[in-house]
Amino acid sequence: MNPIKELTNQFLVNSRFTILAMGVVLSLIDFGMLYWAAAKDGVLHIDRGVGLLQNYGLFSTVLGNALFPYLAKTYYDAVGSIKKSIALTDPSHLEAPLSELSNMVKMEGKYKFLLYLLIVVGAIYWASNVGFHVIGNPEIRWGHEVFDSFDHKYTFLASRAHNIYTWLIMLPLLGHVMIYTSIQFRKIMGVAIKQRLLHYDLLNPDQKGGFLFVENAHLVFNAVVAIVYIQTTMFIETFNLVHTNYVIAYIVATILLIGVNRIFLGHIYSAIKVLRLESLNTIKENVIFKNDGLGFEILKYYYGRKINGFSVLNFAVKAGAIALSGAPKLWSILSKAFTGA
(Lines give C-alpha, C1' and ligand atoms only; values in the text may rest on other atoms or scores of the structure.)
Protein backbone atom coordinates (compact mmCIF):
# COMPACT_ATOMS: atom_id res chain seq x y z
CA MET A 1 0.00 0.00 0.00
CA ASN A 2 1.25 3.47 -0.94
CA PRO A 3 1.74 5.20 2.46
CA ILE A 4 0.74 8.58 1.04
CA LYS A 5 -2.52 7.23 -0.40
CA GLU A 6 -3.13 5.34 2.82
CA LEU A 7 -2.83 8.66 4.68
CA THR A 8 -5.49 10.28 2.47
CA ASN A 9 -7.74 7.22 2.75
CA GLN A 10 -7.55 7.32 6.54
CA PHE A 11 -8.29 11.03 6.35
CA LEU A 12 -11.62 10.24 4.66
CA VAL A 13 -12.51 7.18 6.74
CA ASN A 14 -11.98 8.64 10.23
CA SER A 15 -14.28 11.14 11.91
CA ARG A 16 -13.28 14.75 12.50
CA PHE A 17 -12.85 14.22 16.23
CA THR A 18 -10.71 11.12 15.70
CA ILE A 19 -8.52 13.17 13.38
CA LEU A 20 -8.39 16.01 15.93
CA ALA A 21 -7.37 13.57 18.69
CA MET A 22 -4.66 12.07 16.48
CA GLY A 23 -3.38 15.52 15.52
CA VAL A 24 -3.21 16.65 19.14
CA VAL A 25 -1.48 13.44 20.29
CA LEU A 26 1.11 13.58 17.50
CA SER A 27 1.80 17.26 18.21
CA LEU A 28 2.24 16.52 21.91
CA ILE A 29 4.69 13.72 21.07
CA ASP A 30 6.48 16.07 18.66
CA PHE A 31 6.79 18.82 21.26
CA GLY A 32 7.73 16.30 23.96
CA MET A 33 10.68 15.17 21.85
CA LEU A 34 11.73 18.77 21.26
CA TYR A 35 11.45 19.62 24.97
CA TRP A 36 13.40 16.52 26.04
CA ALA A 37 16.13 17.25 23.50
CA ALA A 38 16.35 20.93 24.46
CA ALA A 39 16.49 20.09 28.17
CA LYS A 40 19.26 17.55 27.54
CA ASP A 41 21.24 20.08 25.50
CA GLY A 42 20.50 22.86 27.99
CA VAL A 43 18.90 25.14 25.40
CA LEU A 44 15.40 25.69 26.76
CA HIS A 45 16.50 29.33 27.10
CA ILE A 46 19.52 30.98 25.50
CA ASP A 47 20.76 34.39 26.63
CA ARG A 48 20.79 36.75 23.64
CA GLY A 49 19.61 33.85 21.49
CA VAL A 50 16.57 31.68 20.75
CA GLY A 51 16.02 28.68 22.98
CA LEU A 52 13.15 26.25 22.55
CA LEU A 53 10.82 28.22 24.83
CA GLN A 54 11.77 31.44 23.07
CA ASN A 55 10.86 30.13 19.60
CA TYR A 56 7.37 31.54 19.11
CA GLY A 57 7.19 30.36 15.52
CA LEU A 58 7.78 26.74 16.52
CA PHE A 59 4.96 26.88 19.07
CA SER A 60 2.59 28.21 16.42
CA THR A 61 3.69 25.40 14.09
CA VAL A 62 3.02 22.74 16.72
CA LEU A 63 -0.43 24.26 17.27
CA GLY A 64 -1.07 24.34 13.52
CA ASN A 65 -0.03 20.71 13.12
CA ALA A 66 -2.54 19.75 15.82
CA LEU A 67 -5.42 21.65 14.21
CA PHE A 68 -4.81 21.56 10.45
CA PRO A 69 -5.96 17.97 9.81
CA TYR A 70 -9.16 18.60 11.79
CA LEU A 71 -9.83 21.88 9.97
CA ALA A 72 -9.20 20.29 6.57
CA LYS A 73 -11.60 17.46 7.40
CA THR A 74 -14.21 19.93 8.67
CA TYR A 75 -13.91 21.93 5.45
CA TYR A 76 -14.32 18.76 3.39
CA ASP A 77 -17.34 17.68 5.46
CA ALA A 78 -18.94 21.14 5.20
CA VAL A 79 -18.82 20.96 1.42
CA GLY A 80 -20.20 17.42 1.41
CA SER A 81 -23.08 18.44 3.68
CA ILE A 82 -24.75 20.23 0.76
CA LYS A 83 -26.64 17.00 0.09
CA LYS A 84 -28.37 17.38 3.48
CA SER A 85 -29.36 21.00 2.98
CA ILE A 86 -33.02 21.99 2.72
CA ALA A 87 -31.96 24.39 -0.01
CA LEU A 88 -31.23 21.41 -2.29
CA THR A 89 -34.33 19.98 -3.98
CA ASP A 90 -32.79 16.81 -5.47
CA PRO A 91 -29.49 15.48 -3.97
CA SER A 92 -29.23 12.64 -6.52
CA HIS A 93 -27.96 15.03 -9.20
CA LEU A 94 -24.90 15.85 -7.09
CA GLU A 95 -23.76 12.28 -6.47
CA ALA A 96 -21.28 12.39 -9.37
CA PRO A 97 -19.43 15.63 -8.41
CA LEU A 98 -19.42 14.62 -4.73
CA SER A 99 -17.96 11.23 -5.66
CA GLU A 100 -15.33 13.02 -7.73
CA LEU A 101 -14.43 15.13 -4.69
CA SER A 102 -13.81 11.92 -2.73
CA ASN A 103 -11.59 10.63 -5.56
CA MET A 104 -9.65 13.88 -5.56
CA VAL A 105 -8.83 13.63 -1.87
CA LYS A 106 -8.02 9.90 -2.19
CA MET A 107 -5.55 10.73 -5.02
CA GLU A 108 -7.30 8.59 -7.60
CA GLY A 109 -5.90 8.79 -11.14
CA LYS A 110 -4.89 12.26 -12.28
CA TYR A 111 -5.57 13.75 -8.84
CA LYS A 112 -2.43 12.27 -7.23
CA PHE A 113 0.05 14.81 -8.61
CA LEU A 114 -0.85 17.84 -6.50
CA LEU A 115 0.03 16.18 -3.19
CA TYR A 116 3.26 14.76 -4.62
CA LEU A 117 4.19 18.23 -5.88
CA LEU A 118 3.54 19.79 -2.49
CA ILE A 119 5.64 17.08 -0.80
CA VAL A 120 8.52 17.74 -3.22
CA VAL A 121 8.36 21.47 -2.47
CA GLY A 122 8.36 20.70 1.26
CA ALA A 123 11.35 18.36 0.82
CA ILE A 124 13.29 21.09 -0.99
CA TYR A 125 12.69 23.51 1.86
CA TRP A 126 13.63 20.84 4.40
CA ALA A 127 16.90 20.02 2.61
CA SER A 128 17.69 23.72 2.34
CA ASN A 129 17.09 24.17 6.07
CA VAL A 130 19.36 21.21 6.93
CA GLY A 131 22.08 22.64 4.69
CA PHE A 132 21.94 26.01 6.46
CA HIS A 133 22.40 24.30 9.83
CA VAL A 134 25.11 21.84 8.81
CA ILE A 135 27.21 23.76 6.30
CA GLY A 136 26.45 27.38 7.17
CA ASN A 137 26.69 29.37 10.38
CA PRO A 138 23.27 29.62 12.07
CA GLU A 139 24.37 32.51 14.28
CA ILE A 140 25.24 34.60 11.24
CA ARG A 141 22.15 33.55 9.32
CA TRP A 142 19.66 34.04 12.17
CA GLY A 143 21.46 36.92 13.88
CA HIS A 144 22.02 35.00 17.14
CA GLU A 145 22.44 31.49 18.55
CA VAL A 146 19.55 29.10 17.92
CA PHE A 147 18.54 26.07 19.98
CA ASP A 148 18.62 23.59 17.05
CA SER A 149 22.04 24.39 15.62
CA PHE A 150 24.38 21.52 14.67
CA ASP A 151 26.27 22.16 17.94
CA HIS A 152 23.24 20.89 19.90
CA LYS A 153 22.92 17.39 18.50
CA TYR A 154 19.73 16.27 20.24
CA THR A 155 17.72 19.39 19.44
CA PHE A 156 19.17 19.44 15.92
CA LEU A 157 17.79 15.94 15.25
CA ALA A 158 14.47 16.60 17.02
CA SER A 159 13.95 19.83 15.09
CA ARG A 160 14.72 18.16 11.76
CA ALA A 161 12.16 15.45 12.58
CA HIS A 162 9.65 18.18 13.48
CA ASN A 163 10.24 19.85 10.11
CA ILE A 164 9.74 16.57 8.25
CA TYR A 165 6.40 16.14 9.98
CA THR A 166 5.42 19.75 9.25
CA TRP A 167 6.73 20.33 5.72
CA LEU A 168 6.41 16.87 4.20
CA ILE A 169 3.18 15.67 5.84
CA MET A 170 0.98 18.29 7.49
CA LEU A 171 1.26 21.27 5.13
CA PRO A 172 1.08 19.19 1.90
CA LEU A 173 -1.99 17.34 3.22
CA LEU A 174 -3.63 20.63 4.20
CA GLY A 175 -2.96 22.20 0.80
CA HIS A 176 -4.08 19.06 -1.06
CA VAL A 177 -7.45 18.87 0.72
CA MET A 178 -8.20 22.61 0.82
CA ILE A 179 -7.36 23.25 -2.85
CA TYR A 180 -9.16 20.24 -4.31
CA THR A 181 -12.19 20.73 -2.04
CA SER A 182 -12.45 24.39 -3.06
CA ILE A 183 -12.20 23.51 -6.76
CA GLN A 184 -14.90 20.88 -6.48
CA PHE A 185 -17.08 23.05 -4.23
CA ARG A 186 -17.43 25.56 -7.06
CA LYS A 187 -18.20 22.77 -9.53
CA ILE A 188 -20.82 21.22 -7.23
CA MET A 189 -22.54 24.56 -6.73
CA GLY A 190 -22.31 25.26 -10.45
CA VAL A 191 -24.09 22.00 -11.28
CA ALA A 192 -26.77 22.65 -8.66
CA ILE A 193 -27.41 26.19 -9.89
CA LYS A 194 -27.39 25.29 -13.59
CA GLN A 195 -29.93 22.52 -13.04
CA ARG A 196 -32.07 24.75 -10.78
CA LEU A 197 -31.63 22.38 -7.82
CA LEU A 198 -31.24 25.16 -5.25
CA HIS A 199 -33.73 27.56 -3.75
CA TYR A 200 -33.32 30.17 -1.03
CA ASP A 201 -35.58 29.46 1.96
CA LEU A 202 -36.22 32.85 3.56
CA LEU A 203 -37.68 31.27 6.71
CA ASN A 204 -34.97 28.70 7.27
CA PRO A 205 -33.92 28.68 10.98
CA ASP A 206 -30.23 28.84 10.01
CA GLN A 207 -30.89 32.43 8.79
CA LYS A 208 -28.87 31.59 5.70
CA GLY A 209 -31.68 30.32 3.52
CA GLY A 210 -30.51 26.72 3.92
CA PHE A 211 -26.93 27.62 2.92
CA LEU A 212 -25.38 27.29 6.37
CA PHE A 213 -22.98 24.69 4.93
CA VAL A 214 -21.39 27.49 2.87
CA GLU A 215 -20.97 29.64 5.98
CA ASN A 216 -19.45 26.70 7.85
CA ALA A 217 -16.94 26.15 5.03
CA HIS A 218 -16.09 29.85 4.97
CA LEU A 219 -15.53 29.93 8.73
CA VAL A 220 -13.14 26.97 8.59
CA PHE A 221 -11.32 28.55 5.66
CA ASN A 222 -10.84 31.77 7.62
CA ALA A 223 -9.53 29.76 10.58
CA VAL A 224 -6.85 28.14 8.40
CA VAL A 225 -5.80 31.50 6.94
CA ALA A 226 -5.69 33.00 10.45
CA ILE A 227 -3.40 30.24 11.76
CA VAL A 228 -1.05 30.59 8.77
CA TYR A 229 -0.97 34.34 9.38
CA ILE A 230 -0.13 33.83 13.05
CA GLN A 231 2.67 31.42 12.12
CA THR A 232 4.16 33.93 9.68
CA THR A 233 4.15 36.82 12.16
CA MET A 234 5.52 34.70 14.99
CA PHE A 235 8.47 33.47 12.94
CA ILE A 236 9.21 37.06 11.97
CA GLU A 237 8.99 38.03 15.66
CA THR A 238 11.32 35.22 16.77
CA PHE A 239 14.55 35.95 14.90
CA ASN A 240 16.75 39.01 14.50
CA LEU A 241 17.39 38.02 10.88
CA VAL A 242 14.36 36.42 9.26
CA HIS A 243 14.85 33.10 7.44
CA THR A 244 13.58 34.40 4.11
CA ASN A 245 12.81 31.06 2.48
CA TYR A 246 10.77 29.88 5.43
CA VAL A 247 8.70 33.04 5.68
CA ILE A 248 8.17 33.19 1.91
CA ALA A 249 6.74 29.66 2.01
CA TYR A 250 4.11 30.69 4.56
CA ILE A 251 3.34 33.98 2.78
CA VAL A 252 2.82 32.11 -0.50
CA ALA A 253 0.57 29.64 1.33
CA THR A 254 -1.46 32.53 2.78
CA ILE A 255 -1.82 34.24 -0.62
CA LEU A 256 -2.79 30.92 -2.19
CA LEU A 257 -5.45 30.28 0.44
CA ILE A 258 -6.89 33.78 0.17
CA GLY A 259 -6.82 33.52 -3.64
CA VAL A 260 -8.71 30.24 -3.54
CA ASN A 261 -11.17 31.83 -1.14
CA ARG A 262 -11.85 34.76 -3.47
CA ILE A 263 -11.98 32.74 -6.67
CA PHE A 264 -14.17 29.89 -5.45
CA LEU A 265 -16.09 30.98 -2.35
CA GLY A 266 -16.58 34.48 -3.78
CA HIS A 267 -18.31 32.96 -6.82
CA ILE A 268 -20.50 30.80 -4.59
CA TYR A 269 -21.61 33.76 -2.46
CA SER A 270 -22.51 35.68 -5.62
CA ALA A 271 -24.69 32.77 -6.76
CA ILE A 272 -26.43 32.59 -3.36
CA LYS A 273 -27.09 36.32 -3.50
CA VAL A 274 -28.88 35.86 -6.84
CA LEU A 275 -31.02 33.04 -5.39
CA ARG A 276 -31.90 35.18 -2.37
CA LEU A 277 -32.97 38.10 -4.57
CA GLU A 278 -35.08 35.76 -6.70
CA SER A 279 -36.92 34.51 -3.60
CA LEU A 280 -37.46 38.04 -2.32
CA ASN A 281 -38.72 39.25 -5.69
CA THR A 282 -41.16 36.36 -5.95
CA ILE A 283 -42.67 37.11 -2.54
CA LYS A 284 -42.65 40.85 -3.22
CA GLU A 285 -44.61 40.36 -6.45
CA ASN A 286 -47.15 38.22 -4.57
CA VAL A 287 -47.54 40.94 -1.97
CA ILE A 288 -47.95 43.71 -4.54
CA PHE A 289 -50.05 41.99 -7.18
CA LYS A 290 -51.93 39.36 -5.16
CA ASN A 291 -52.16 41.14 -1.79
CA ASP A 292 -50.53 38.13 -0.12
CA GLY A 293 -50.65 38.80 3.63
CA LEU A 294 -48.43 35.84 4.48
CA GLY A 295 -45.83 37.05 1.99
CA PHE A 296 -45.87 40.45 3.68
CA GLU A 297 -45.25 38.83 7.08
CA ILE A 298 -42.38 36.80 5.61
CA LEU A 299 -40.75 39.93 4.22
CA LYS A 300 -41.19 41.76 7.52
CA TYR A 301 -39.66 38.84 9.43
CA TYR A 302 -36.77 38.47 6.98
CA TYR A 303 -35.71 42.12 7.06
CA GLY A 304 -36.20 42.35 10.82
CA ARG A 305 -33.78 39.56 11.71
CA LYS A 306 -30.62 40.23 13.64
CA ILE A 307 -27.13 39.79 12.19
CA ASN A 308 -26.31 36.10 11.85
CA GLY A 309 -23.84 34.89 14.47
CA PHE A 310 -21.64 33.21 11.88
CA SER A 311 -20.97 36.53 10.16
CA VAL A 312 -19.74 37.93 13.46
CA LEU A 313 -17.70 34.78 14.09
CA ASN A 314 -16.02 34.97 10.67
CA PHE A 315 -14.97 38.54 11.45
CA ALA A 316 -13.75 37.54 14.92
CA VAL A 317 -11.50 34.81 13.47
CA LYS A 318 -9.72 37.34 11.27
CA ALA A 319 -9.47 39.96 13.99
CA GLY A 320 -8.25 37.30 16.46
CA ALA A 321 -5.38 36.40 14.15
CA ILE A 322 -4.20 40.01 14.16
CA ALA A 323 -4.52 40.27 17.93
CA LEU A 324 -2.65 37.01 18.54
CA SER A 325 0.30 38.19 16.48
CA GLY A 326 1.31 40.19 19.55
CA ALA A 327 1.37 37.05 21.71
CA PRO A 328 5.18 36.48 21.43
CA LYS A 329 5.84 39.36 23.79
CA LEU A 330 3.44 37.91 26.36
CA TRP A 331 4.77 34.36 25.85
CA SER A 332 8.34 35.48 26.53
CA ILE A 333 7.29 36.78 29.95
CA LEU A 334 5.16 33.72 30.81
CA SER A 335 7.72 31.12 29.74
CA LYS A 336 10.44 32.74 31.84
CA ALA A 337 8.09 32.97 34.81
CA PHE A 338 7.14 29.26 34.66
CA THR A 339 10.66 27.97 34.04
CA GLY A 340 12.42 30.36 36.38
CA ALA A 341 14.83 31.37 33.63
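Miscellaneous remarks
- All positions within the stretch 1-60 that are within 19 Å of the chain's Cα centre (by Cα) and not in a helix (DSSP H, G or I): ASN14, SER15
- Taking the criterion of being part of a helix (DSSP H, G or I) and either touching a Gly at 6+ places or on another chain (Cβ under 8 Å) or under 23 Å from ASN14 (Cβ atoms) (or both), the residues of the stretch 82-96 that qualify are ILE82, LYS83, LYS84, GLU95.
- Residue within the stretch 41-59 that is more than 30 Å from PRO205 (Cβ to Cβ) and aromatic (Phe, Trp, Tyr) present: yes
- Taking the numbered list (1) buried (at least 18 other Cβ atoms within 10 Å of the Cβ); (2) modelled with pLDDT under 85 in turn, VAL220 passes all entries but (2).
- Contacts under 7 angstrom Cβ, first residue in the stretch 145-166 being within 12 Å of LEU52 (Cβ to Cβ), partner assigned to a helix (DSSP H, G or I) and polar (S, T, N, Q), 6 or more apart: PHE147/THR155; ASP148/THR155; ASP148/SER159
- Test: LEU277 is modelled with pLDDT of 65 or more, part of a helix (DSSP H, G or I) and farther than 25 Å from VAL220 by Cβ: yes
- Inter-residue pairs, beta-carbon under 6 Å, first of a type in the set (Val, Ile, Thr) and in the stretch 1-15, second surrounded by 15 or more Cβ atoms within 10 Å (Cβ to Cβ), 6+ apart: THR8/VAL105; THR8/LYS106; THR8/MET107
The values are calculated or read from the model by the stated rules, or taken from the named source; none is laboratory data. Keep in mind the model is a prediction, meaning the values are calculated, not measured. Ideal geometry is used to build each Cβ from the backbone, glycine not excepted, and the neighbour counts take in all protein chains shown.
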